[in-house]
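Bear in mind that the values in this text are calculations on the coordinates, not laboratory data. For clarity, every value in this text was computed on a predicted model and none was experimentally measured. Heads up, the Cβs are rebuilt from the backbone with ideal geometry, glycines too, and the neighbour counts pull from every protein chain shown.
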């Protein structure tokens, strides 16, 4: 069985992927192709607007160098997968209905789109960087549409929607004078988006609004506050898709020069490579900078030429298709996430059943040992005594801040 098939067969739809990636963009940018490539789950793909009406939900994964080789052990993963020393850790991905200008006012499928993406921890904005679709997702001549417009309008529509939630019953908010009460009221309004009081307070402090009563907040100040709140709570990275189209390279360079945080992506190339790997025709691991043909006899002339074009236009130019790369960047960089390995035996790195390094957890940088205990099981958190850094063989306290690739044993009081 190939690596690609093994991974796609392993990932459970009810796995421990606690983080959620939202996949957004206007219609016909390749969102559904990206989703299919990332999840190996077939969804409807077509070149017309609003192919995706109801959100597609699946499991994808991020990849990280596994700690098994550092420790010199053969691991037995349970909640994830280890292939050639790379740990693939599942998380949820949601592909929502296409967004068009005016979505914040209900145009197109705007209200449904914004509601579907509200729980995402991080957002990947799929943009047609070849400029072959207009602002509503309708096909146009390649290079005739400026993808920078799409980057700007999606952020604007999302922030207008957030502002609308904040401004509901504005008179009530303007009567509050205590910062804590303002934060609590805003958290109540924004809780459906997964926005915390910490996010709100950070945005208020950064914009200086923590020193102003809401009655004095002007429209411009509110716009700046909403932008900061969105940036903190719903970070967005751009998947500059369709880089296999020759006209795309110039747009990628121009967008980067304008400060757009992007990753060049060819979702179609990734889909083709994963399917070929699943058939055993090529050797390819998601995120690899190249592939190897291992069964040339099964390749038709057309299919072989397609693989050559992928190598020439995508792999050699950008160092990969970008699909795995942007998932990794979204989770590890934008969310500042690390990987930790809870175990029960700090000497053998095993769980109670003797499985070596069975679980890999994604946690935010700054997570403490006691917080990890609660993540693993509520009773471990409630009975927490101390933890053991299994790699260094030293005890650590409740406030010990976890580091990437830590292997941790939690010692807790057993409750009757």
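A few points about this structure:
- Stretch gain in nm, segment residue 401-residue 297, where the contour uses 0.36 nm per residue and the Cα spacing is subtracted: 32.1 nm
- Considering only the Cα atoms of the stretch 159-229, their convex hull presents on average a projected area of 4.0 nm².
- Relative contact order of the stretch 158-215, defined on C-alpha pairs under 8 angstrom at six or more residues apart (%): 40 percent
- Choice from 302, 228, 141 with maximal GNM fluctuation in the chain (Cα, 10 Å cutoff): 302
- Cα shape, the stretch 337-412, gyration tensor, a/c 1.5 rule: rounded
- Here the ratio of the Cα radius of gyration of the stretch 230-327 to 2.2 N^0.38 Å is 1.19.
- With contacts taken as Cα pairs under 8 Å at a separation of at least 6 residues, the stretch 301-416 carries a relative contact order of 25 percent.
- Set of the stretch 276-308 residues, backbone N closer than 20 Å to the point 7 Å along the Cα-Cβ line of residue 69: 283-292
- Residue among 221, 369, 387 with the largest mean-square fluctuation in a Gaussian network model of the chain, springs linking Cα atoms under 10 Å: 221
- In terms of its C-alpha gyration tensor, the stretch 257-383 has an oblate overall shape, because the principal axis ratio a/c (a ≥ b ≥ c, square roots of the eigenvalues) is not below 1.5 and a/b does not outweigh b/c.
- Length gained when the stretch residue 168-residue 253 is fully extended (0.36 nm per residue, less Cα-Cα span): 26.5 nm
- Highest-MSF residue in the chain out of 299, 273, 262 [GNM, Cα springs under 10 Å]: 299
- Restricting the calculation to alpha carbons of the stretch 310-379 gives Rg and Dmax of 17.4, 54 angstrom.
- Taking every DSSP bridge with both residues inside the chain, close to 60 percent are antiparallel.
- At 0.692 mPa s and 37 °C, Stokes D of the stretch 199-282 from Kirkwood alpha-carbon radius, µm² per second: 202 µm²/s
- Based on Cα contacts under 8 Å between residues 6+ apart, the chain shows a relative contact order of 16 percent.
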